[in-house]
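Enquirer: Supplied in structure tokens, the structure appears directly below.
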Amino acid sequence: ADVCFEYGRRLLVLERENAQALPGKGVFVVETAVQLNPYETFYRDELCRSYLQLATVTKDETWMQKAYAEAGNSMGLIPQHFIGFFHLGLIYQTLAEQFNKNTVKEAEFCYKKAIEQDPFQAPFYGNIASLYRDNSNLNTAISALYQAHITRPEEPGYVVRLVNAYLQKGDLQNAIICSKRLTALLPSEPAYHSNLGAILYKAGKYEDAIPPFQKAVALKPGDAAYIQNLAGAYNITGKEGEALELLMRFNNAYPQHNSVQIHLFLAGLYYKKADWENVVSTCKKAVALDKNAAEAFKLLGFAYCNLN
């Protein structure tokens, strides 16, 4: 049974990596392991998980029925089996989300039972939080996500979800705290620094937004969105010279970039300086990329007017 299970498990890993939609040999081999030793819940748990994945990929409810039966078999062996409750929660949640069944309450009940049996499993909290998506249950979702985070503090996914939940709630202060925690967890990920800057900017902390924007640009200097964010923070804090220099340096380093917004931003700065020749040349680049760039045509009109 152990040999069959290990062989089947490795086949399943290969099949998942190759994104095979149809049941392969792995499921059959694990089923054989279960037949050889029907008292091992670990085998049944893996089989149940495989059935769930097949149901998700194939959209075939038959696999959900097999997963439900296998979860029930595991709990028949161990009535308080926490993985069994978790799998039942997954089954009910999948039925609700992909098969339009009214089973959210059942999913919530099973996840709570799983947490009762083992309160140190972060996915239990993460999954129950995903059930609370509307604003009326937002505080409950945040509480569950926080429990997931403190259970697995090294896992960035839960912190990302916490940030999004706080933003949905409009709680920028806690969103900033969690974003800072995220940049500490993965300091080499530019998107997290950029997101922290964006939240600080949204909160009106424009000066504080500059360092994380600078970090994002340093980590990924060819990303036009990061450049635009930093230039915007410079501009709103009165550092128009730094914004102009940044945008010009980006244009020189990446002359083939296709960001209309970068050209428009730069043209706007030239406009403030009454540098009409550069307004014209920059707006022409924007129009070459987007023939419907109304802002570019407006600035061109002003520039031509001032150039007589």
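Enquirer: Could you tell me the accessible area of LYS112 in Å² (1.4 Å probe, neighbours in place), rounded to the nearest ten?
Expert: That residue has around 100 Å² of solvent-accessible surface.
Enquirer: Shifting gears a bit: For the pair ALA1/PHE28, report the inter-label distance in nm, with labels modelled 7 Å from Cα in the Cβ direction.
Expert: 2.2 nm
Enquirer: How much FRET efficiency would the formula 1/(1 + (r/R0)^6) give for GLU245 and ILE177, where r is the Cβ-Cβ distance and R0 is 35 Å, rounded to 0.05?
Expert: Taking R0 as 35 Å, the efficiency between GLU245 and ILE177 is 0.60.
Enquirer: Per the 1.4 Å probe, what fraction of the accessible area of segment 1-123, in percent, lies on carbon and sulfur atoms?
Expert: So the carbon and sulfur contribution to the accessible surface is 56 percent.
Enquirer: Follow-up question, since we're still on this one. So how far apart, in nm, are the two label points at PHE120 and ASN100 if each is 7 Å from Cα heading toward Cβ?
Expert: Taking the simple label geometry, PHE120 and ASN100 are separated by 4.4 nm.
Enquirer: Just the accessible area per residue of the chain, please: how many Å² with a 1.4 Å probe?
Expert: 52 Å²
Enquirer: Which of the lysines could be linked to LYS220 by a straight reach, that is with a Cα gap under 25 Å, when you skip same-chain ones fewer than 8 residues away?
Expert: Filter leaves LYS180, LYS202, LYS205, LYS239, LYS285.
Enquirer: So which lysines pass the test for LYS66, namely a Cα distance under 19 Å, with those fewer than 8 places away in the same chain ruled out?
Expert: LYS25, LYS101
Enquirer: Applying 1/(1 + (r/R0)^6) with R0 = 51 Å to the Cβ-Cβ distance of CYS305 and ASN73, what FRET efficiency is obtained, to the nearest 0.05?
Expert: 0.05
Enquirer: To continue, here is another question. Rank these by accessible area, largest first, 1.4 Å probe: CYS305, CYS283.
Expert: CYS305, CYS283
Enquirer: Pick out, from ASN37, ALA233, ALA67, the residue whose Cα sits farthest towards the positive end of the charge dipole of the chain, with +1 on the Cβ of Lys and Arg and -1 on the Cβ of Asp and Glu.
Expert: Positive-end residue among those listed: ALA233.
Enquirer: Heavy-atom accessible area of ASP171 with all protein chains present, probe 1.4 Å, nearest 10 Å²?
Expert: 40 Å²
Enquirer: I would also like to ask the following. Can you run phi through the Karplus equation (6.51, -1.76, 1.60; θ = phi - 60°) for segment 138-143 and list ³J(HN,Hα) in whole Hz, with x for Gly and Pro?
Expert: With the stated coefficients, segment 138-143 comes to 5, 5, 5, 4, 4, 4 Hz.
Enquirer: Sticking with this one: Tilt of helix 172-185 relative to the longest C-alpha principal axis of the chain, in degrees (0 to 90, nearest 10)?
Expert: Roughly 80 degrees, rounded to the nearest 10.
Enquirer: Okay, moving on. Out of (1) 23.4; (2) 22.5; (3) 20.9, which label holds the value of Kirkwood radius over Cα pairs in Å that was computed here?
Expert: Recomputing Kirkwood radius over Cα pairs in Å here picks out (1).
Enquirer: Rank these by accessible area, largest first, 1.4 Å probe: THR183, THR151.
Expert: Output order, biggest surface exposure first: THR151, THR183.
Enquirer: On to the next question. List the lysines whose Cα sits under 20 Å from the Cα of LYS105, skipping any in the same chain fewer than 8 residues away.
Expert: Hits, sequence-local ones excluded: LYS113.
Enquirer: Leaving out ligands, DNA and RNA, and with a 1.4 Å probe, what % of the accessible surface on segment 187-308 is carbon or sulfur?
Expert: 52 percent
Enquirer: Counting each DSSP H run of 4 or more residues in the chain as -39500 (n - 2.57), what helix-only mean residue ellipticity at 222 nm follows after dividing by all residues, to the nearest 500 deg cm²/dmol?
Expert: -25000 deg cm²/dmol
Enquirer: Along the charge dipole of segment 165-210, pointing to its positive end and built from +1/-1 on Cβ of Lys, Arg, Asp and Glu, which listed residue (ILE176, TYR192, ALA165) has its Cα farthest out?
Expert: ALA165
The values are calculated or read from the model by the stated rules, or taken from the named source; none is laboratory data. Predicted, not measured: the structure shown is a model, and the values here were computed from it. Neighbour counts are summed over all protein chains in view; Cβ atoms, including those assigned to glycine, are modelled from backbone coordinates with ideal geometry. Each accessible area value is taken on the protein alone, full model and side chains, heavy atoms only, with ligands, DNA and RNA left out. Shrake-Rupley method; radii C 1.70, N 1.55, O 1.52, S 1.80 Å.
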